[in-house]
Amino acid sequence: QVQLVESGGGLVQAGGSLRLSCAGSGLIFSAVNMAWYRQSPGKQRELVATISRSGTTTYEDFVKGRFTMSRDNAKNTVYLQMNNLKPEDTAAYYCNVVIRHSETWVPSEYWGQGTQVSVSS
């Protein structure tokens, strides 16, 4: 069964940095697109960034210039480097396998436990 385990979250002050990791198992990691999502209380889960099988990345406007997604297929791991964090970045962060459907990314059913990021002002 596919398993995704997120780690690296924590408490930081505004302007600080964190590096999240997502380790995958039970899948051919090099064959899939991956994405980071986040969800805070009272909000829907939202897409943050994606990375294709070839390493091409996309970012939502609210993180452009601050976050960087990368992957290491040999380690079955994707990363999210988060710089210049803002209080509104506070959320539980999740990774997932995604496919491109029309103009959107569609996640798989294999959600992990997530990792909490809290940013103080």
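In square angstrom, what is the accessible area per residue of the chain with a 1.4 angstrom probe?
With all protein chains present, the chain gives 54 Å² per residue.
Could you tell me the ratio Rg/Rh of the chain? Both radii from Cα atoms, Rh via Kirkwood. Don't jump to the answer; show the numbers that get you there.
Details: Rg = 13.5 Å, Rh = 14.3 Å.
Reported Rg/Rh (Cα atoms, Kirkwood Rh): 0.94.
Give, rounded to the nearest 20 debye, the magnitude of the charge dipole that the chain has about its Cα centre when Lys and Arg contribute +1 at Cβ and Asp and Glu contribute -1 at Cβ.
Using Cβ point charges on Lys, Arg, Asp and Glu, the chain gives about 180 debye.
Considering only protein heavy atoms and a 1.4 Å probe, what is the carbon-and-sulfur percentage of the accessible area of the chain?
Within the chain, the accessible surface is 47 percent carbon and sulfur.
Explain nothing, just the number: relative contact order of the chain, from Cα pairs under 8 Å at least 6 residues apart, as a whole percent. Mind dumping the intermediate values first?
Working: 285 pairs, mean separation 42.2, N = 121.
Computed value for the chain: 35 percent relative contact order.
Going by average Cβ density within 10 Å per residue, which order do the peptides 92-104, 55-67, 27-39 take, highest to lowest? Walk me through the numbers on the way to the answer.
Values: 92-104: 16.2, 55-67: 13.4, 27-39: 17.8.
Descending mean neighbour count gives 27-39, 92-104, 55-67.
Simple spin-label model, 7 Å along Cα-to-Cβ: Gln39 to Leu11 in nm?
Going by the 7 Å Cα→Cβ label model, 2.4 nm.
If you average the C-alpha positions of the range 1-66 and of the range 70-97 separately, how far apart do those two centres end up, in angstrom?
Centre-to-centre distance over Cα atoms comes out at 3 Å.
The values are calculated or read from the model by the stated rules, or taken from the named source; none is laboratory data. Worth saying up front: this structure is predicted, and the values here are computed from it rather than measured. No Cβ is skipped: glycine too gets one built from the backbone with ideal geometry, and neighbour counts run over all protein chains shown. Accessible surface areas use protein heavy atoms only, side chains included; no ligands, DNA or RNA. Shrake-Rupley method; radii C 1.70, N 1.55, O 1.52, S 1.80 Å.
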